[in-house]
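We did not get these values from a lab; they are worked out from the coordinates using the rules stated. Bear in mind that the values here come from a model prediction, so they are computed numbers and not experimental data. Cβ placement follows ideal geometry from the backbone for every residue including glycine, while neighbour counts extend to all protein chains displayed.
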Amino acid sequence: MGGVPHSRVAQFEMGNKKGEFPIELVLIAENPCQIKHTALEAARIACNRYIQKRAGTLGYFLKIRTYPHEVLRENKMATGAGADRISSGMRAAFGKAVGTAARVKRGQKLMSLHVNRPNFLDAKKALWKAGLKVPTTCRVEMVRGEVTV
């Protein structure tokens, strides 16, 4: 196969790793799908940027719960004038590694966000924004804690 390309996901844990937060929210995939490493990184950036502006650098803890293990391959085809004489079509079409993806099952947790009570609504919106970057519908659930809004 050759080499496996590096994952674009820069960090899997962000924020205050040692803090005690009473509320935990998770982003859950509603359908099985494959999430490319670039989409996972886009979701991480969207969520992290929103919650960091609202809660500060020490007011949250964000963890990515999936890892892109699956290697994606592509059989690049020649295009342009004379491409039919150069290419071999689908003969020996194993392809080159172009990226990685995470296989996600229905109901699997994609990322979790730990916050304090005043930042509950901001955390919910941050995970919702991250869910827009993922190629399946997602829902935000509270795993731990209580909030009176």
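Highest mobility in the GNM of the chain, judged by mean-square fluctuation with C-alpha springs under 10 Å and restricted to 45, 86, 35, is found for 86.
Here the residues 120, 12, ranked from fewest to most Cβ neighbours within 10 Å of their Cβ, fall in the order 12, 120.
Only Cα pairs under 8 Å and 6+ residues apart enter the sum, and on that basis the relative contact order of the stretch 1-118 stands at 46 percent. Residue order for 25, 132, fewest other beta carbons within 10 angstrom first, comes to 132, 25.
The simple Förster model, with R0 at 30 Å and r as the Cβ-Cβ distance, assigns residue 141 and residue 96 a FRET efficiency of 0.15.
For residue 74 and residue 49, a Förster radius of 41 Å and the Cβ-Cβ distance give a FRET efficiency of 0.85, rounded to the nearest 0.05. If you take all other residues with their beta carbon under 10 Å from the beta carbon of residue 26, and give Lys and Arg +1 and Asp and Glu -1, the sum is +3. All other residues whose Cβ lies under 14 angstrom from that of residue 99 are scored, Lys and Arg at +1 and Asp and Glu at -1, for a net of +3. Within straight-line reach of residue 109, meaning a Cα separation under 23 Å, sit the following lysines at least 8 residues removed in sequence or on another chain: 17, 18, 36, 63, 124, 125, 129, 133. Cβ-to-Cβ counts within 10 Å put 79, 66 in ascending order as 79, 66, the fewest first. In order along the stretch 125-132, the Karplus-derived 3J(HN,Hα) couplings, from 6.51 cos²θ - 1.76 cosθ + 1.60 at θ = phi - 60°, round to 5, 4, 5, 4, 4, 5, x, 6 Hz, and Gly and Pro are given as x. Length gained on full extension, residue 6 to residue 34: 8.4 nm, using 0.36 nm per residue less the C-alpha separation.
Computed on the Cα trace of the stretch 1-90, the radius of gyration divided by the Kirkwood hydrodynamic radius gives Rg/Rh = 1.19. Set the Cα radius of gyration of the stretch 40-149 against 2.2 N^0.38 Å, with N its number of residues, and you get 1.56. Each other residue within a Cβ distance under 14 Å of residue 116 adds +1 if Lys or Arg and -1 if Asp or Glu, for a net charge of 0.
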